[in-house]
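Rule-based calculations on the coordinates, nothing more; no lab input. Keep in mind that what you see is a predicted model, and the values were worked out from it rather than measured. Heads up, the Cβs are rebuilt from the backbone with ideal geometry, glycines too, and the neighbour counts pull from every protein chain shown.
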2 protein chains.
Amino acid sequence: MKAEAILQAHAARVDRLLEEALPPASAPPPELHAAMRHLLFPGGKRLRPALALAAAEAVGATPDTALPLAAAVELVHTYSLVHDDLPCMDDDVERRGRPTVHVLFGEAVAVLAGDALLAAAFELLAGAGAPAERLLGASADLARAAGSLALVGGQVDDLRLQEASPSAKEIESVHARKSAALIAASIVGGARLGGGDASALAKLRRFGEAVGVAFQIADDLLDEDTDGACSSVRVLGPAGARARAEELLASALGELDAFGAAAEPLRILARYAVRRDR
Amino acid sequence: MKAEAILQAHAARVDRLLEEALPPASAPPPELHAAMRHLLFPGGKRLRPALALAAAEAVGATPDTALPLAAAVELVHTYSLVHDDLPCMDDDVERRGRPTVHVLFGEAVAVLAGDALLAAAFELLAGAGAPAERLLGASADLARAAGSLALVGGQVDDLRLQEASPSAKEIESVHARKSAALIAASIVGGARLGGGDASALAKLRRFGEAVGVAFQIADDLLDEDTDGACSSVRVLGPAGARARAEELLASALGELDAFGAAAEPLRILARYAVRRDR
C-alpha cells in the first residue's frame with residue numbers, strides 16, 4: 001500500500017469525526033465558528049492523524065481505536081498554525097493557497113479561534129468512548145506536547161532566533177519542540193488508545209521524536225526560503241540536511257524492529273513524511 | 001468563618017500546587033516562563049479555586065481532593081485574562097496594579113504564554129493522582145467551559161457588542177458564557193473530584209451558573225465604567241442590577257438546600273462573590 005492511499009483512507013474518517021465534534025459554522029457566534037473551520041476544512045494531508053491510527057495498528061488494535069486522539073492532535077496542529085500566522089508572529093497572509101484566518105476574520109477572532117481549537121481538542125478527547133486511563137494518558141501527552149516545554153517553547157525560540165544565526169544544535173532543538181513533540185504525541189497517544197504497553201510506548205516515543213525532527217528537516221529542504229534562521233539547510237547545506245534526515249529515519253525505523261508486519265503502515269508513513277517531494 | 005479567611009487558607013495550597021506544576025521562570029525559554037507566571041503570581045483572590053474546594057467539601061470530601069481541578073481552573077482563568085488584555089482585544093496596559101503581560105513581554109510572547117497556560121491546565125489535570133473517570137469528567141467540563149460555546153464565544157460577543165447597544169438578555173448571555181461557565185466548571189469539577197453523584201453535580205451546576213452570572217453583575221456594579229456596552233448596570237440601572245444579582249443568588253442558594261452544613265463554605269463564598277464591595 002502506498003502512503004498516499006493510507007493518508008486518504010484515514011483522512012476521510014478523521015474529517016468525519018472533526019465535523020461531528022465541532023459546532024457547525026452557523027453556531028453563534030458564527031464568525032468564530034467559521035474561523036475555527038477555515039483552516040481545518042479542507043485542511044492538509046492529515047499526516048499526524050494517520051500516524052496515530054497507524055500506531056494503534058502497530059500495537060495490534062484496529063486503527064480506528066485511535067480516532068479521538070487523531071482528531072484531537074489535528075485540532076492542536078491547526079490551532080498552532082492559526083496562531084503562528086498572526087501579525088505579531090510570522091505575519092503570514094496565505095496558507096495552503098487561501099487567506100489566513102486573521103486576514104479573513106481579523107486578529108482578535110483569529111487569536112480566539114485558535115484558543116477555541118485548543119480547548120476543543122481536550123473536549124473531544126475527554127468525551128470520547130474509550131477506557132478512561134488511556135484517554136487521560138493521551139490527554140497528558142497531548143497537553144505536554146502543546147505546552148511551554150514543547151510546541152509553544154519551540155515557537156518562542158523560533159521567533160527569537162530569527163535575529164540570530166542559530167547552530168545546528170539550536171535548530172534541532174526548535175524542530176524537536178515545535179514539530180516533533182506533537183508528532184510523537186500523536187504516535188504515542190494512538191498506541192495508548194490501542195492498548196500498547198509501556199515498552200511499546202517507549203519505543204514509539206523514540207520513533208516519533210526522530211521521525212518528527214526528520215520530517216521538519218524534509219520541510220526545510222522543500223522550503224524555498226533556505227536562508228530562514230531556523231532552517232537546517234542553512235547550516236548543514238542540502239546534502240548535509242538530507243543525510244541528517246536519513247540518519248534520523250533509520251534510527252526511527254530501528255525502534256520498530258520488534259513490531260513486525262503490524263507496523264508496516266507506520267513505516268510507510270514515516271518514509272513518506274521524510275522523503276516526500278511536495 | 002468569614003469568606004476572606006476561607007479564600008486565604010485555600011489560596012495558599014492552590015498556589016503551592018501551581019508553583020510545583022509550572023516550569024520555573026528560568027526554564028528555557030525564560031521569557032516565556034516568566035510571562036506565564038507574571039499574572040499568575042501573586043494573582044487575584046483565587047475565588048474559582050476556593051469554590052472548587054468548597055464544592056468538594058459540599059459533597060462530603062476533603063476540600064483538597066479538588067486541588068488539581070482548582071489549580072487547572074486558575075490556569076484557564078489566567079490564560080483568558082492574558083488574551084483579553086491583548087492589543088487586538090481590550091488593549092489593557094495594566095491589571096491588578098501591574099503592567100499587563102504584552103506590555104512587559106511583547107504581543108507574540110503574550111499570545112504564546114496564554115496558549116501555554118491553557119495547555120498547562122489540561123496537563124496538570126490529566127497528570128493528577130485521582131480516579132481517571134473523575135479527572136476525565138472534570139477535564140471535559142473544563143474544556144467545554146473554555147471553548148467556543150462558552151468562554152471564547154462570550155469574549156467574541158463581548159468584543160462584537162461594543163459597537164451595539166445590547167439588551168439585558170444579550171448581556172446576560174455574554175456573562176453566562178464569558179464568566180459563569182468557568183465558575184460552574186470549577187464548582188462541578190470540584191464536586192466531581194470529591195466523588196459527587198449525578199444529582200449533586202446537576203444541582204451544583206445550576207448553582208454555579210447562577211452564582212457566576214450574579215458575580216459578573218456584581219463586577220459590573222463595582223466597575224466605574226458602567227457605560228460599557230456589556231454592563232448590566234447600563235441597561236438595568238444600579239438598583240435593577242443589584243436586584244437581579246440578589247435574585248440569582250437566592251435561586252443559586254436554593255439549589256444547595258439538600259446539602260446541609262457541608263455546603264456552608266460554598267454558601268459563604270457565593271454570598272461574598274455577589275456582595276463583595278471591592
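Across segment B:59-64, rounded Karplus estimates of 3J(HN,Hα) from the backbone phi angles (6.51 cos²θ - 1.76 cosθ + 1.60, θ = phi - 60°) give 9, x, 9, 5, x, 5 Hz, Gly and Pro being marked x. Rounded to the nearest 20, the Cβ-based charge dipole of chain A about its Cα centre (Lys and Arg +1, Asp and Glu -1) stands at 780 debye. Computed from label points 7 Å out along Cα-Cβ, the spacing between A:A27 and B:D227 is 3.7 nm. Per-residue Karplus couplings for segment B:14-22, computed as 6.51 cos²θ - 1.76 cosθ + 1.60 with θ equal to phi - 60°, are listed in order as 5, 4, 4, 5, 4, 4, 5, 6, 8 Hz, Gly and Pro entered as x. Dipole size of the protein assembly as shown about its Cα centre, with +1 on Lys/Arg Cβ and -1 on Asp/Glu Cβ: approximately 1340 debye, rounded to the nearest 20. Inter-copy label distances at A:P42, shortest first and taken from points set 7 Å along Cα to Cβ: 5.7 nm. Label separation (A:K169 vs B:A168): 6.7 nm, computed from points 7 Å beyond Cα along the C-beta direction.
The calculated FRET efficiency for B:A239 paired with B:A198, based on their beta-carbon distance and R0 = 35 Å, is about 0.35.
Given q = 0.07, 0.09 Å⁻¹, what are the Debye log10 I(q)/I(0) values for the protein assembly as shown, with equal point scatterers placed on the Cα positions and solvent ignored? Here log10 of I(q) over I(0) equals -0.39, -0.65.
Build a GNM of chain A with springs between Cα atoms under 10 Å apart, and of A:A176, A:A119, A:A258 the one that fluctuates most is A:A258.
Around the Cα centre of segment B:190-270, unit charges on the Cβ atoms of Lys, Arg, Asp and Glu (plus for the first two, minus for the last two) sum to a dipole of about 360 debye. Each listed q (0.13, 0.14, 0.15, 0.23 Å⁻¹) maps to a log10 I(q)/I(0) for segment B:20-121 from the Debye sum over equal C-alpha point scatterers, namely -0.48, -0.54, -0.61, -1.15. In segment B:9-61, taking the dipole from charged Cβ atoms about the Cα centre, the farthest positive-side position among B:A9, B:L39, B:P24 is held by B:A9. Mean-square fluctuations from a GNM of chain A, with a 10 angstrom spring cutoff on Cα atoms, peak among A:V82, A:V109, A:V211 at A:V109. Using R0 = 35 Å, the C-beta based FRET efficiency linking A:A250 and A:A9 works out to 0.85. All Cα-Cα distances of chain A, cut into 5 Å bins from zero to the largest, leave 1, 6, 13, 17, 19, 18, 13, 8, 3, 1, 0 percent in each bin in turn.
Using the beta-carbon distance between A:E20 and A:A261 and R0 = 35 Å, what value does 1/(1 + (r/R0)^6) give for FRET efficiency, to the nearest 0.05? The pair A:E20/A:A261 has a calculated efficiency of 0.60. Label-to-label distances for B:A202 across copies, nearest first, come out at 4.8 nm, using points 7 Å from Cα in the beta-carbon direction.
The phi torsions of segment A:246-258, fed into the Karplus equation with coefficients 6.51, -1.76 and 1.60 and a -60° offset, translate into couplings of 5, 4, 5, 4, 4, 5, 5, 4, x, 5, 8, 3, 6 Hz, rounded to whole numbers, with Gly and Pro shown as x. Sorted shortest first, the separations between the A:R98 label point and its copies elsewhere in the assembly read 4.1 nm; each point sits 7 Å from Cα along the Cα-to-Cβ line. Kirkwood's formula applied to the C-alpha pairs of segment A:140-278 gives a hydrodynamic radius of 15.2 angstrom. Amide H to amide H, with H built 1.01 Å from N, A:R95 comes under 5 Å of A:T100, counting only residues 5 or more places away or on other chains.
Note on chain A: with a GNM built from Cα contacts shorter than 10 Å, the maximum mean-square fluctuation among A:R205, A:R242, A:R98 falls on A:R98.
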